[in-house]
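Undergrad: A single structure is presented below for examination.
The values are calculated or read from the model by the stated rules, or taken from the named source; none is laboratory data. Not measured: the values here are computed from a predicted model. Backbone-built Cβ (ideal geometry, glycine too); neighbour counts: all protein chains shown.
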Amino acid sequence: MRTDHVAYACGAVLGFLGDRVVGDPRRGHPVAAFGRAAGAVERRLWRDDRGRGALHTAVCAGGTVLVGALLARAARRPATTLGGLAAETALTAAATWAVLGGTTLGREARVIGAALAAADVDAARDALPRLCGRDPQALDTQQMARAVVESVAENTSDAVVGALVWGAAGGVPGLLGFRAVNTLDAMVGHRSPRYRRFGWASARLDDVVGWPGARLTAALAVLAGPNPRGAWAVARRDAGSHPSPNAGPVEAAFAGALGVRLGGTLAYAGRVEHRPALGAENRPVEVADIERAVRLSRRVSALALAVTVAGRLAYGAATMGTHQGDR
């Protein structure tokens with residue numbers, strides 16, 4: 001077995017467990033540091049122009065992948081095989097913990113769910129912007145519950161599964177690169193007047209790198225729910241009606257797995273969107289469904305870890321004979 005694949009597998013498991021145990025720090029998170037750096041680059045490069053936006057994406061995402069590659073290379077330099085394995089494992093664990101956000105996702109969703117269950121609508125509205133970009137003042141209790149379930153579904157792919165997929169494919173550079181692209185999309189990829197052109201490249205690249213993780217998330221949500229056949233029917237029928245090529249399969253799969261209806265009218269700052277229903281035959285979302293969505297998200301995340309680590313190890317075993325120079 002190739003040592004770099006063993007190191008990745010051990011590090012990914014340790015990083016995943018680290019996220020489960022401690023979640024994201026309130027201060028000093030590496031992703032926040034990247035966001036500040038990307039913001040500084042934006043201030044220098046911004047023009048209402050797609051080319052400048054593409055350059056911004058290349059500098060920020062490409063630079064992050066390069067840093068990941070240099071760190072991975074340095075971790076392989078210890079003189080002994082055991083020392084290299086330990087260094088690679090530690091680096092992968094740190095990178096995995098840094099890019100995953102599943103525990104914080106569930107924690108924020110539960111805060112809103114508890115506020116709604118206690119009929120404290122004002123507290124729920126105050127907490128909602130930490131989870132999604134919708135206008136909380138335009139939402140009632142049921143609409144906020146639906147927004148939370150949809151955000152849990154989409155971010156299970158964005159904050160967990162997609163990162164694990166790219167980590168299995170590309171190691172530490174894949175982990176860091178995926179998170180960089182996803183963060184850039186959140187920063188500049190939305191269709192505001194400032195970012196309609198400048199953020200185009202980040203938004204399109206996020207669609208590309210998010211594609212495999214979204215499909216794996218949808219498949220695992222179907223399998224992990226109580227009615228896989230029904231969930232598959234909803235996912236296959238309704239995924240394409242969503243305007244996002246990646247959020248559509250994930251939200252449709254969660255709608256089918258939870259037996260609820262997602263989609264409909266969404267209010268963002270300054271605009272309203274009317275989306276087709278996902279799982280139109282199901283009941284509306286209730287506050288109690290927030291906890292069910294969080295539990296489904298955790299099951300999907302654990303399954304994604306198992307699938308991606310197994311895939312990485314299987315590939316390492318299959319290619320061991322072709323890498324004669326591997327330690």
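Undergrad: Considering each residue of region 201-230, count those that are surrounded by fewer than 21 Cβ atoms within 10 Å (Cβ to Cβ) and polar (S, T, N, Q), and give that number.
TA: Qualifying residue count for the region: 1.
Undergrad: Kindly check whether there is at least one residue in region 86-93 that is outside any helix (DSSP H, G or I), in contact with a Phe, Trp or Tyr (Cβ under 7 Å, 6 or more places away or on another chain), in contact (Cβ under 8 Å) with a residue 12 or more places away in the chain and crowded, with 23+ Cβ neighbours inside 10 Å. Talk me through it step by step, then tell me what you get.
TA: Kept after step one, since they are outside any helix (DSSP H, G or I), are these residues of region 86-93: none.
Scanning region 86-93 turns up no residue that is outside any helix (DSSP H, G or I), in contact with a Phe, Trp or Tyr (Cβ under 7 Å, 6 or more places away or on another chain), in contact (Cβ under 8 Å) with a residue 12 or more places away in the chain and crowded, with 23+ Cβ neighbours inside 10 Å.
Undergrad: Among the residues of region 268-275, is there at least one that is surrounded by fewer than 16 Cβ atoms within 10 Å (Cβ to Cβ), closer than 19 Å to Thr156 by Cβ and touching a residue at least 60 places away in the same chain (Cβ under 8 Å)? Talk me through it step by step, then tell me what you get.
TA: Keep residues of region 268-275 that are surrounded by fewer than 16 Cβ atoms within 10 Å (Cβ to Cβ), which gives 268-274.
From the residues that got through so far, the ones that are closer than 19 Å to Thr156 by Cβ too are none.
No, region 268-275 contains no residue that is surrounded by fewer than 16 Cβ atoms within 10 Å (Cβ to Cβ), closer than 19 Å to Thr156 by Cβ and touching a residue at least 60 places away in the same chain (Cβ under 8 Å).
Undergrad: Within region 165-181, does at least one residue satisfy the condition of being at pLDDT 95 or above and within 17 Å of Arg50 (Cα to Cα)?
TA: yes
Undergrad: Name the pairs whose Cβ atoms lie under 6 Å apart, with the first residue in region 114-130 and surrounded by 12 or more Cβ atoms within 10 Å (Cβ to Cβ), the second of a type in the set (Ser, Thr, Tyr), and 6 or more positions between them or separate chains?
TA: Leu116/Thr141
Undergrad: Among (1) of a type in the set (Ser, Thr, Tyr); (2) touching a strand residue (DSSP E or B) at 6+ places or on another chain (Cβ under 9 Å); (3) closer than 30 Å to Asp19 by Cβ, there is one condition Thr265 misses while meeting the rest; what is its number?
TA: Answer for Thr265: the failing condition is (3).
Undergrad: Looking only at region 169-177, decide whether some residue is under 25 Å from Leu262 (Cβ atoms) and either assigned to a helix (DSSP H, G or I) or out of contact with any helix residue (DSSP H, G or I) (no Cβ under 9 Å at 6 or more places or on another chain) (or both).
TA: no
Condition check ((1) among the aromatic types (Phe, Trp, Tyr); (2) closer than 23 Å to Ala32 by Cβ; (3) more than 26 Å from the chain's Cα centre (by Cα)) across all residues:
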| residue | (1), (2), (3) |
| --- | --- |
| Leu45 | no, yes, yes |
| Gly51 | no, no, yes |
| Val59 | no, yes, no |
| Val65 | no, yes, no |
| Arg76 | no, no, yes |
| Ala86 | no, no, yes |
| Ala94 | no, yes, no |
| Trp97 | yes, yes, no |
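Undergrad: Which residues, taken from region 184-200, are in a helix (DSSP H, G or I) and surrounded by fewer than 24 Cβ atoms within 10 Å (Cβ to Cβ)? Give the derivation first.
TA: To start, the set of residues in region 184-200 that are in a helix (DSSP H, G or I) comprises 184-188, 200.
Residues satisfying the conditions are Asp185, Ala186, Met187, Trp200.
Undergrad: Among the residues of region 161-183, is there at least one that is of a type outside the set (Asp, Glu), under 27 Å from Tyr8 (Cα atoms) and surrounded by fewer than 18 Cβ atoms within 10 Å (Cβ to Cβ)?
TA: Yes.
Undergrad: When the residues of region 193-212 are filtered to those that are free of Cβ contacts under 8 Å to residues at least 60 places away in the same chain and small (Gly, Ala, Ser), which remaining residue is farthest from Asn155 (Cα to Cα)?
TA: Checking each candidate, the answer is Ala203.
Undergrad: Can I ask one more? Can you tell me which of Ala255, Ala233 is crowded, with 24+ Cβ neighbours inside 10 Å, in a helix (DSSP H, G or I) and small (Gly, Ala, Ser)?
TA: Of Ala255, Ala233, the one residue that is crowded, with 24+ Cβ neighbours inside 10 Å, in a helix (DSSP H, G or I) and small (Gly, Ala, Ser) is Ala255.
Undergrad: Would a scan of region 138-148 turn up a residue that is part of a helix (DSSP H, G or I), touching an Asp or Glu at 6+ places or on another chain (Cβ under 6 Å) and at pLDDT 95 or above? If you could, list the steps in order and put the result at the bottom.
TA: So in region 138-148, the residues part of a helix (DSSP H, G or I) come out as 138, 141-148.
Narrowing further to those that are touching an Asp or Glu at 6+ places or on another chain (Cβ under 6 Å): none.
No, every residue in region 138-148 fails to be part of a helix (DSSP H, G or I), touching an Asp or Glu at 6+ places or on another chain (Cβ under 6 Å) and at pLDDT 95 or above.
Undergrad: Hey, can you tell me all the residues within region 1-36 that are assigned to a helix (DSSP H, G or I) and surrounded by fewer than 15 Cβ atoms within 10 Å (Cβ to Cβ)?
TA: Of everything in region 1-36, those that are assigned to a helix (DSSP H, G or I) and surrounded by fewer than 15 Cβ atoms within 10 Å (Cβ to Cβ) turn out to be Leu17, Val21, Val22, Ala32, Ala33, Arg36.
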